[in-house]
Amino acid sequence: MPLVIKTLFGYQFEMYPAIILPSGPHIKTLEGNTIMHRNLEFFVQEAGGPWKQLDPVAVFSPLPEQYSSPILRREFGLLPPRTYPERRFFKILKKMHLLDPRVPNDIAINELKSWIQSNIAIWVQDADKIKIEAVEKTIDLQGNVLKRQVESAQIIHLH
């Protein structure tokens with residue numbers, strides 16, 4: 001049924017992609033006495049000030065918690081859409097509108113940035129930038145972070 005809905009209506013029907021394609025469970029493997037964990041961290045910065053880490057679940061409220069990771073992973077949809085190889089399979093998916101790129105216009109981008117600023121105003125009054133870091137952590141069995149490594153960081157200017 002979700003494939004039929006997505007095929008018939010495309011992206012206009014669904015606001016949040018996790019409804020049609022839920023992410024499912026994540027399994028962590030134990031290596032020795034440590035676990036490797038990857039997650040996304042959300043930071044804000046006032047002009048020239050230090051970066052301040054915020055909880056994305058609190059920032060995105062009232063959206064459900066499970067939406068915060070996909071929103072951060074896609075950088076709020078502000079980056080250019082992903083491109084796909086010119087293979088037959090991808091052409092079929094494009095023809096079925098399953099890979100339609102979503103390119104926001106200037107009005108949508110400004111509204112989104114205003115929404116972000118209003119949601120983080122509780123913690124930071126005049127946010128200049130936000131940063132999304134992909135972090136890999138090595139954690140021991142007691143929950144202590146033994147190693148923290150930033151794999152990538154994306155900075156988005158709000159002004």
In segment 104-125, residues that are surrounded by fewer than 12 Cβ atoms within 10 Å (Cβ to Cβ) and either in contact with a helix residue (DSSP H, G or I) (Cβ under 9 Å, 6 or more places away or on another chain) or closer than 30 Å to residue 32 by Cα (or both) total 1
Taking the residues in segment 126-152 that are among the small types (Gly, Ala, Ser) and either open to solvent by 60 Å² or more (accessible area, probe 1.4 Å) or assigned to a loop (DSSP other than H, G, I, E, B) (or both) as candidates, determine which candidate is modelled with the lowest pLDDT. 143
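The values are calculated or read from the model by the stated rules, or taken from the named source; none is laboratory data. Nothing here was measured: the structure is a model prediction, and the numbers come from that model. In this analysis, Cβ positions are derived from the backbone assuming ideal geometry, glycine residues included, and neighbour counts consider all displayed protein chains. Surface areas here come from the heavy atoms of the whole protein model, side chains and all, with no ligands, DNA or RNA. Shrake-Rupley method; radii C 1.70, N 1.55, O 1.52, S 1.80 Å.
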